[in-house]
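First up is the structure itself, then whatever we jot down about it.
Rule-based calculations on the coordinates, nothing more; no lab input. Please read these numbers as outputs of a predicted model, since none were measured by experiment. As a convention, Cβ positions derive from the backbone with ideal geometry for all residues, glycine included, and neighbour counts pool all protein chains shown.
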Amino acid sequence: MTALLEARGVVKRFGGLTAVDQVDLSVGTGEMVGLIGPNGSGKTTLFDCLSRVLDIDAGSIGFNGADITRYRPHHVARLGMSRTFQLIRVYPELTVSENLELSIQWERMGMRGLFSRTDAATLRKVDSLLEFLQLARLRDERAGTLSGGQRRLLEIGMALMSEPKLVLLDEATSGVNPTLVADIADRLLEVNRNDGVAFLLVEHNVQFVADLCERVVVLNHGAKLAEGTPQQIMRDPAVIEAYFGAKAEGAT
Ligand code: ADP
Ligand code: MG
């Protein structure tokens, strides 16, 4: 069986710094995988490599049966990989529904799509996602007026517009109040179970990952430190040390 996403030996350097160091990572069809690690351990950079926002210095990336190592980001999106960003990226001046419409036009057609008319199927998809994410009453509000948690939900909606096979979520719960975090977890599980969408979740909220994922990968200094079930990971002395060390550093 080949995985939906299969990254092998991925290396990304910024000058003298190796931000991602020989990382192997796979996500199976319909699987939910967590990616955790201290601040600066390379999680976002690895996402940028996988979604082809950044060129890699070594290694290969396979997705949905294709070697995407040299693909452009919107080609990867068209193959069925969507992502969100650690810093929220919605268009604050546009309405909630306009943000959803625009996201799919970008993924489908790149720049050219941004200037084409929205078709009826897209509008139906917008309506169903607004209902699903419980954002329907906010559809005509400008995205800039939403709370942090609502904006995260909108971003997840934007990532789901293209009916992807895999969604990469970068810190979907940061700045979100606990009630809404539980809602986000429920929505993700529902999309996973009903539509078979696979997720790779970058999180600082380890409990959120433990609740959703059967498998967790831990990065430290750009390299894979550990991999296993949430229970195995949380008991792993090397993982505890990496987190404890990072926290102690942050406290000084
Ligand atoms: P994480 O998401 O795990 O917090 P990042 O992937 O953001 O970690 O960062 C990994 C390392 O790469 C950090 O040391 C960070 O400072 C560095 N880094 C990230 N992006 C760049 C960049 N564009 N240029 C130079 N260094 C970068
Ligand atoms: Mg990050």
Can you tell me which residues in region 11-40 are within 15 Å of ligand 2 (Cβ to nearest atom), farther than 17 Å from Leu169 by Cβ and in a loop (DSSP other than H, G, I, E, B)?
-> Pro38, Asn39, Gly40
Test for Val90: is it buried (at least 18 other Cβ atoms within 10 Å of the Cβ), away from ligand 1 (no atom under 16 Å from the Cβ) and within 18 Å of the chain's Cα centre (by Cα) | yes
Return a yes/no flag: does region 4-17 have any residue that is touching a residue at least 60 places away in the same chain (Cβ under 8 Å), surrounded by fewer than 22 Cβ atoms within 10 Å (Cβ to Cβ) and away from ligand 1 (no atom under 12 Å from the Cβ).
-> yes
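Conditions (1) at negative phi; (2) aliphatic (A, V, I, L, M); (3) in contact with a Ser or Thr (Cβ under 7 Å, 6 or more places away or on another chain), marked per residue:
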position: Arg124; (1), (2), (3): yes, no, no
position: Arg139; (1), (2), (3): yes, no, yes
position: Met161; (1), (2), (3): yes, yes, yes
position: Leu180; (1), (2), (3): yes, yes, no
